[in-house]
1. Dipole of the protein assembly as shown (Lys/Arg Cβ +1, Asp/Glu Cβ -1, origin at the Cα centre): which of A:Ile504, A:Thr375, A:Ala158 lies farthest to the positive side?
2. Could you please state, rounded to a whole Å, how far the C-alpha centre of segment A:294-351 is from the C-alpha centre of segment A:739-815?
3. Between A:Glu8 and B:Ser62, what is the FRET efficiency for a Förster distance of 30 Å, r being their Cβ-Cβ separation, to the nearest 0.05?
4. Quick one: what Rg and Dmax do you get for segment A:130-337 from the alpha carbons, in Å?
5. Measure of size requested: the Rg and Dmax of chain A, with Cα atoms as the atom set and Å as the unit; please supply both.
6. Would you list which aspartates and glutamates come within 15 Å of A:Lys557, measuring only between C-alpha atoms, while excluding same-chain residues fewer than 8 positions from it?
7. Based on other C-beta atoms within 10 Å, arrange A:Glu277, A:Glu577, B:Glu87 from fewest to most.
8. Kindly count the pairs of lysines across segment A:130-337 whose alpha carbons are less than 18 Å apart, treating pairs on different chains or eight or more residues apart as eligible.
Amino acid sequence: MAAKKRREPPALAKWLFSRLTIYEDEFLSAGDMEEEFEERVGSEGAVKARSWYWRQTLKSIPAYIVYFIFGTLDMVKNYFKSAFRNMKRDKVYTLLNLAGLAVGMSCFIIIGLWVQHELSFDEFHARSDKIYRIGNSVTLKTGDERDMVYTSAAMGPALVEDYPEIETATRMRGFHGANFKVGDKDFIENWGFYAEPSFFDVFSFPLLSGNPSDALEAPRSIILSQKVALKFFGDENPVGKTLLLNGEACQVTGLIKDPPSNSHLQFGYLLSSAGVEEFEGQNWTQLGVYSYLVLKDSTQAEAVEAKIQALNQRYIGDWADDVFRYHLQPITSIHLHSDLVGEFSPRTEMSQIYLFSAIGLLLLLVACINFVNLTMARYHRRLKEVGIRKVLGADRFRLVLQFLCESFLLVGLSMGAALLLVPVLNPVFGFLITGNMYLEGNILIIIVIVLAVGLISGLYPAIYLSSFQPVSLFRKAVMKGSHRLVLRRLLIVFQFTVTIVLLIGTGVVYTQMQFIKNRPLGFNREKILLVRMNNPELRKNYETVKSELLTVPGVVKATASGFAPFLNQDLKVYQPEGFGEDMISVRTLYVDYDFLPTMEIELADGRNFMRKNPADAEYGYIVNKTAVKEFGWDFPLGKQIEAHGSNENEETAKGPVIGVLEDFHFRSLKEEIAPLILRVRPERFDFISLKVETENLSGLLSKLQEKWKEIDPVYPFIYEVMEGIFDRTYRRDQQLGRGFSYFSLISILIACLGLLGMIAFLTQQRTKEIGIRKVHGASVIRIVGLLNKEILILVALANLIAWPAGYFIMDNWLKNFAYRVPIDPLVFLGSAAAAFIIAAATLSVQSIRAASANPIDALRYE
Amino acid sequence: MYKLTMAEEIILTAILRLQDNAYGVTIRKKIAEVTKSDIAYGTLYNLLGQLVRKGYVLKKRSQPTRERGGRSRMYYTLTKTGINALEEARELHKSLWEGIPDIITFEG
């Protein structure tokens with residue numbers, strides 16, 4: 001018995017070999033091995049023969065692996081070939097599918113690129129993880145706290161001196177409204193910074209020309225960005241040239257690469273801080289510069305924060321800890337998370353990123369669903385193919401693989417189209433894209449998207465189609481029971497839910513924006529130009545400037561003010577009568593005698609400031625109604641207000657209230673109307689507002705510009721239209737509105753493609769039913785109604801989900817506004833109606849055709 | 001042009017030499033005899049499968065035989081194409097080697 005067993009080949013090897021040889025007739029091939037084995041048992045003995053058998057088996061493994069890989073590749077190649085044929089056979093379907101996917105994916109890519117851009121802010125700095133900005137939370141006399149970007153100029157150098165864990169620090173200060181003279185040409189460049197040599201130790205803005213170690217060393221040396229240098233000097237290298245900056249000679253010492261769009265620091269030039277007063281001072285309570293630090297690698301920000309706080313004690317005094325609280329902001333978090341006073345570039349809110357990411361993902365999902373619906377709509381054309389493949393021995397896995405190959409192919413093609421669409425759609429979505437964005441470096445992500453979308457959208461049809469038994473496939477009556485369609489019905493509900501929510505969003509944003517536009521603000525902002533007075537000499541003679549400007553035909557009224565009204569107000573500390581020792585900080589506008597008539601602001605009580613009454617300018621106050629309420633006065637006229645200076649140079653002024661204003665919106669409608677005080681303070685005037693009356697604004701502007709050259713030869717004519725300022729306040733909200741409207745359009749488009757697929761499927765299924773109904777006398781309209789009803793119920797269901805969701809989201813958004821429209825039920829009804837009408841129209845294209853077909857064709861079939 | 005690979009050529013010549021007796025065991029032995037190297041059955045079947053797909057070789061199942069315990073063998077024979085391919089290979093070798101003396105001396 002044992003001897004007999006030894007004459008057998010080793011059982012394990014035998015089994016293994018039989019597994020390996022699936023590619024040939026394994027029974028026969030194993031037979032070859034056994035034949036030779038028996039021979040060898042005879043000639044060499046059983047032991048040697050067994051070991052030979054083992055060696056043979058193991059040596060066959062590599063060949064098997066090679067075969068398997070090539071075999072699968074061959075199979076996949078075949079699948080792609082048949083996928084191509086299928087696509088070509090049904091061009092309309094392929095086109096619908098491609099279009100839906102391509103549009104959905106390109107939206108997703110655009111939103112993705114934008115999100116990537118927003119999240120990548122300031123990461124290009126070599127030490128980005130160790131660079132921090134010092135934020136300074138200042139407690140005012142009134143107890144109000146104001147978190148700002150400004151610190152004392154003495155702080156940076158002291159930190160580097162006192163603490164070894166701080167590698168380096170650099171200070172900057174904004175430089176606005178610069179008038180450059182290059183040769184005999186004038187340029188206005190608004191964005192620049194004072195900076196010191198350590199700027200280049202902290203930040204990674206590469207110098208294209210010039211030496212980083214000394215380019216900012218000498219006083220009045222200036223580094224130009226590529227863009228500005230091109231404007232000033234053309235293609236020549238600007239280094240070594242001189243120019244006039246606000247009348248003073250500066251030497252160009254460097255050419256710097258333009259800051260990338262994902263930098264929170266944006267500038268056209270850097271001016272040496274050497275010899276600049278604001279950088280020299282040792283005054284620890286004068287806050288005027290931005291301070292950036294680089295920490296050593298092993299240092300934790302929290303530990304350094306405590307040490308910065310300790311500077312208060314060392315250099316200012318015990319009381320300082322109650323006033324200045326410092327914190328460190330990682331430079332990479334500034335764009336998304338920092339909203340301090342003095343922030344110098346617009347930020348993006350995280351909530352907006354989440355919102356748009358969600359929209360992008362939903363659109364992609366909607367496109368996937370579309371794919372599923374369209375594929376399923378024509379499944380019947382593939383059933384026979386599936387049947388034949390099954391009969392010929394294809395197993396389920398191979399069929400699934402085949403259908404997946406098809407969806408990968410289609411998704412891959414759509415991705416190609418989407419990538420071509422991105423630059424085309426980019427201008428349409430210009431509201432989102434603020435800088436250059438690149439597809440490069442995202443190839444891996446794109447491949448992942450293709451695979452994910454292909455899998456998500458291909459898996460369900462693949463599993464569904466491969467599940468049929470071949471026998472049932474060749475019978476005519478395939479698939480009863482509509483329960484099979486539950487998932488696809490849900491998908492349609494989902495698609496329409498997304499669409500309706502987007503429509504509601506569009507509607508709510510639109511009504512709110514209309515509300516803002518049309519709400520009476522309490523003053524007339526139309527046809528007002530704001531002109532900046534940069535020259536301190538002019539401020540003293542503002543009355544002359546005004547009368548000079550009034551000589552230009554078309555200028556009707558003029559008024560001077562400190563700060564651009566409605567853009568900015570001073571926050572001053574006051575002691576109103578009845579407050580005792582308590583103080584309150586109130587927004588304050590410095591205006592002249594013509595302010596109220598120019599802006600058409602109504603007085604509720606009392607009078608305007610009067611020129612003939614010099615006391616008005618010294619210590620007269622006009623307050624708004626909200627201030628009166630805040631101060632708790634019943635009879636405001638004549639009540640005393642005492643103004644406290646914010647620093648030693650400013651005198652305390654005490655005087656009576658001479659007028660009360662009707663409330664007007666001097667801030668955006670996102671904020672409640674706050675208490676406001678008007679005062680006459682000519683030394684603070686830096687803006688002149690002109691009321692103009694003209695048909696030809698550009699003509700008037702050029703005349704004003706000429707006039708301005710006479711008035712101020714040094715500083716340029718810088719103006720802004722007041723309505724532009726208002727639009728800017730709501731820019732982000734308008735972006736959102738536009739985003740909603742574009743994306744809802746796209747979502748509708750894609751959903752309609754999906755509907756087309758669904759209705760085609762349904763009519764196909766019910767061909768015979770339609771025929772019989774027609775024979776029995778049903779009209780076309782009845783049948784169209786019958787067919788559409790089913791899907792319109794789904795749309796109705798989508799409304800039920802979308803309404804509360806839309807209400808919730810938009811109510812949240814409206815909370816941004818102090819003054820807002822109640823959410824209009826019409827928006828909901830309108831969105832629902834739009835969805836219904838579009839859906840019904842799409843459906844009818846197909847269902848009318850099905851309903852008006854000759855019933856004979858439908859019934860004759862069997 | 002059929003452009004046989006060396007491995008294909010070897011297997012085809014082996015089948016040609018074996019005439020009616022070409023099946024797994026004998027083919028493998030013939031190859032071992034000529035090339036002095038042992039080829040694994042797995043590799044051999046792969047190559048045979050390839051040749052069948054290319055149409056050089058036909059598979060034919062024999063009657064069950066006693067040596068194999070009542071199982072049949074898989075015999076391989078050359079097709080017309082296979083023979084043409086071999087002819088071509090032979091011509092190629094001839095013209096490649098024409099005029100080169102039998103003993104090749106290496107002058108270094």
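Bear in mind these aren't lab numbers, they're just calculated from the coordinates by the rules spelled out. Please read all numbers here as calculations on a predicted model, not as lab measurements. Note: ideal-geometry Cβ built from the backbone for every residue, glycine included; neighbour counts use all protein chains shown.
1. It is A:Thr375, whose Cα lies furthest towards the positive end.
2. Comparing the Cα centres of segment A:294-351 and segment A:739-815, I get a distance of 55 Å.
3. 0.80
4. Rg and Dmax of segment A:130-337, Cα atoms, are 18.1, 56 Å.
5. Over chain A's Cα set, Rg and Dmax evaluate to 38.1, 135 Å.
6. Straight-line reach from A:Lys557, under 15 Å: A:Glu526, A:Glu543, A:Glu548, A:Asp592, A:Asp594, A:Glu600, A:Glu693.
7. Fewest-to-most Cβ neighbours within 10 Å comes out as A:Glu277, B:Glu87, A:Glu577.
8. The result is 14.
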